[in-house]
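The values are calculated or read from the model by the stated rules, or taken from the named source; none is laboratory data. These numbers come from a predicted model, not from an experiment. Cβ coordinates were reconstructed from backbone atoms using ideal geometry, including for glycine residues, and neighbour counts include every protein chain displayed.
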Amino acid sequence: MPMAPAAATVEDVLQLAIRHVNAGQPERARLLCEHALAAHPPHAGVLQLLALLTLQHGDAAQARQHAQASLGLRPDHPPTLMLGAEAARAAGDAKDAARLLERAAALAPDHADAWFQLALARQDLHQAAAAAEALQAVLRLAPERAEAHVNLGIVLQELGLTDDAMRAYARAYRLREDSFGRIAHALCAPSAGRLWLDLDELRAALRATT
């Protein structure tokens with residue numbers, strides 16, 4: 001186990017763990033975090049880092065526990081709310097992910113990624129209209145985020161707003177031509193209301209849509 005100095009504070013151990021993360025040594029960082037929790041009272045930052053490391057290791061259930069413990073000490077911390085939501089989504093709990101992300105977006109309304117992750121959770125819950133609202137918030141903050149335009153097209157399409165969806169897809173395609181695959185897949189779905197057999201024709205339609 002990587003050892004911290006005997007007299008190290010919990011903050012010292014956390015900084016050492018972060019250095020191990022930055023050096024590409026996540027297992028050493030995880031062991032240091034566990035050592036810090038055993039040797040010191042619970043610490044929100046240590047629990048947050050441990051949640052991240054366990055999630056990266058593929059243990060979503062344990063990551064959720066660590067994130068929840070961190071939030072118990074620091075309930076209004078948007079990064080930890082987002083991390084807890086990521087762990088909840090990984091565990092298949094989109095409802096809890098959306099709850100956490102709604103709090104994160106309310107606390108940090110200028111954080112585009114909080115809104116984007118909220119949109120994804122709402123899409124998981126088949127809440128197309130609510131997902132569209134979150135994506136529109138993303139695009140007010142980050143209008144050149146092509147993936148958000150694609151996702152907005154998808155949820156508008158689900159709402160039966162095919163023309164609006166095409167406009168969203170066209171913006172995505174103009175921003176990033178490599179988004180074409182996702183756009184074509186969505187528009188060729190049985191629920192799309194349109195069938196594109198010629199992909200060059202679809203590209204031309206996207207270029208022409210304003």
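General remarks:
- The criterion of being under 22 Å from residue 27 (Cβ atoms), of a type outside the set (Val, Ile, Thr), surrounded by 24 or more Cβ atoms within 10 Å (Cβ to Cβ) and within 14 Å of the chain's Cα centre (by Cα) holds for residue 87.
- The set of residues in the stretch 30-75 being under 18 Å from residue 92 (Cβ atoms) and among the hydrophobic types (A, V, I, L, M, F, W, C) consists of 51, 55, 60, 61, 63, 67.
- Residues that are of a type in the set (Val, Ile, Thr) and crowded, with 23+ Cβ neighbours inside 10 Å within the stretch 155-184 comprise 155, 183, listed in sequence order.
- Note on the stretch 34-54: residues that are modelled with pLDDT under 95 and either surrounded by 16 or more Cβ atoms within 10 Å (Cβ to Cβ) or of a type in the set (D, E, K, R) (or both) amount to 4.
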